[in-house]
Amino acid sequence: MSRGVAGGRDGAPRRLIVEADGGSRGNPGPAGYGAVVRDAVTGEVLAEVAEAIGRATNNVAEYRGLIAGLTAAADLDANARVEVRMDSKLVVEQMSDRWKIKHPDMAELARTAKRVASGLGSVAYGWIPRARNAHADRLANEAMDAAARGEDWVRKVEEDPPPVPAPRATASPMTTLLLRHGETPLSVEKRFAGTGDVPLTENGRAQARAAAAALADRGLEAIVTSPLARCRDTAAEVAAATGLDVRVEDGFRETDFGEWEGLTFKEAGERFPDALRAWLADPEVAPPGGESFAHVGARVRTALDKLKVRHNHQKVLVVSHVTPIKLLVKDALGAPMPSLYRMHLDVSSLSSIAWYADGPASLLTFNDTHHLK
């Protein structure tokens with residue numbers, strides 16, 4: 001069984017995802033936790049850990065799950081960059097040092113988790129809905145069932161990581177053509193449009209067809225799209241023009257703007273002045289009920305890593321939204337997060353980036369709208 005694997009493809013730090021959960025039937029009551037470690041590029045499960053911990057509270061069980069997941073990640077690769085995903089807002093905010101920890105038991109568990117995390121390359125924390133934490137939740141429920149039966153129950157399954165292929169002896173890049181979806185009713189009025197499934201307008205469909213015509217002879221080898229309808233409908237026009245299939249990649253969806261969805265910037269400022277100021281000042285801050293740019297950036301980088309594995313040295317169209325495209329441009333330029341506020345992307349605009357395995361990325365074009373004229 002492999003341990004301490006140093007680095008990932010092309011010598012870069014390996015990226016792992018830890019999904020963790022815990023619970024108690026009674027709070028306090030029969031309690032247990034579950035955690036899963038995945039390869040961030042392929043999504044493959046590399047380790048599962050779960051345990052019945054007797055009688056405890058929900059929060060204790062959640063922290064125990066986090067500690068177990070971080071420990072399993074460290075066993076796989078002590079140098080890994082780890083993204084922790086949990087449906088416990090409390091644990092995520094406390095471990096991100098945004099919420100204070102008042103209960104002494106929780107403080108001790110948090111210190112333990114931070115000690116384990118300090119032995120890894122880096123650790124970032126993000127909240128996800130319970131439905132997207134189903135694997136860890138299932139393991140935690142199995143552990144709680146065992147605790148309710150009075151059993152000492154532990155599950156630990158660790159897999160050897162997949163072999164890392166040798167890089168090709170070539171400097172040819174993977175090139176992403178980044179197409180923002182066509183016009184929607186919300187984009188016309190310059191309103192926050194996040195994960196709501198707003199349709200294209202008739203003009204938006206015409207813009208998608210114009211982009212498809214411009215892309216028909218660009219030598220595309222694959223099409224990837226955000227799961228939201230405005231992107232899927234835009235991608236469908238390009239697929240019709242090129243004969244390529246379309247693959248949906250959830251990581252390229254737009255930011256969840258929470259309670260700002262459908263509002264103009266002015267309306268959001270009037271209704272949520274403090275929240276808007278904090279959001280503009282700190283990429284770790286999320287809109288009320290939404291997700292932060294830092295969290296979006298993490299999933300966009302994971303989606304990009306998947307592209308690099310599946311489409312090495314190919315030309316790929318990515319149909320996405322303002323924030324994911326800007327984040328890719330920011331990363332390609334090595335620019336700071338505030339640069340996002342200094343970029344403008346028109347609907348149905350095209351940008352392109354060459355991603356070199358043996359060197360820095362190159363921004364080739366940005367906000368090209370010649371096909372709309």
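The values are calculated or read from the model by the stated rules, or taken from the named source; none is laboratory data. As the structure is a prediction and not an experimental result, all values here were calculated from the model. Counting neighbours? That spans all protein chains shown, and the Cβs are built from the backbone with ideal geometry, glycine included.
A few notes on this one:
- Among the residues of region 68-124, those identified as small (Gly, Ala, Ser) and touching a Pro at 6+ places or on another chain (Cβ under 9 Å) are 80, 121, 122.
- Members of region 222-238 found to be more than 16 Å from the chain's Cα centre (by Cα) and either surrounded by fewer than 21 Cβ atoms within 10 Å (Cβ to Cβ) or outside the structural domain of residue 315 (by TED's automatic domain parsing) (or both), listed by number: 222, 229, 232, 233, 236
- Test result for residue 346, under 20 Å from residue 232 (Cα atoms) and either of a type outside the set (A, V, I, L, M, F, W, C) or under 23 Å from the mean Cα position of the chain (by Cα) (or both): yes
- Helices (runs of 4 or more DSSP H) contained entirely in region 264-373, each with at least 2 residues that are farther than 28 Å from residue 211 by Cβ and in the same structural domain as residue 201 (by TED's automatic domain parsing): 265-271, 273-281, 293-310
- Out of 315, 266, sole residue that is farther than 26 Å from residue 128 by Cβ, touching an Asp or Glu at 6+ places or on another chain (Cβ under 9 Å) and not β-branched (Val, Ile, Thr): 315
- Flag for residue 18 being modelled with pLDDT of 90 or more and touching a His at 6+ places or on another chain (Cβ under 7 Å): no
- Output for region 128-152, where each listed residue is assigned to a helix (DSSP H, G or I) and of a type outside the set (Gly, Ala, Ser): 130, 132, 133, 135, 137, 138, 139, 141, 142, 144, 145
- Residue 291 being crowded, with 19+ Cβ neighbours inside 10 Å and at pLDDT 90 or above: yes
- Residues in region 194-203 that are in contact with a Lys or Arg (Cβ under 7 Å, 6 or more places away or on another chain) and either hydroxyl-bearing (Ser, Thr, Tyr) or outside any loop (DSSP other than H, G, I, E, B) (or both): 1 in all.
- Taken together, the residues in region 57-104 that are under 12 Å from residue 21 (Cβ atoms) and in contact with a Lys or Arg (Cβ under 8 Å, 6 or more places away or on another chain) amount to 2.
- Given (1) in contact with a Lys or Arg (Cβ under 7 Å, 6 or more places away or on another chain); (2) without any contact (Cβ under 8 Å) to a residue 60 or more places away in the chain, index of the condition residue 217 fails: (1)
- Total residues in region 312-355, condition of a type outside the set (S, T, N, Q), surrounded by fewer than 17 Cβ atoms within 10 Å (Cβ to Cβ) and at pLDDT below 95: 10
- Counted residues, region 21-69 - those being assigned to a helix (DSSP H, G or I) and under 24 Å from the mean Cα position of the chain (by Cα): 8
- Comparison of 242, 264 shows that the only residue that is among the β-branched types (Val, Ile, Thr) and either over 26 Å from the mean Cα position of the chain (by Cα) or surrounded by 15 or more Cβ atoms within 10 Å (Cβ to Cβ) (or both) is 242.
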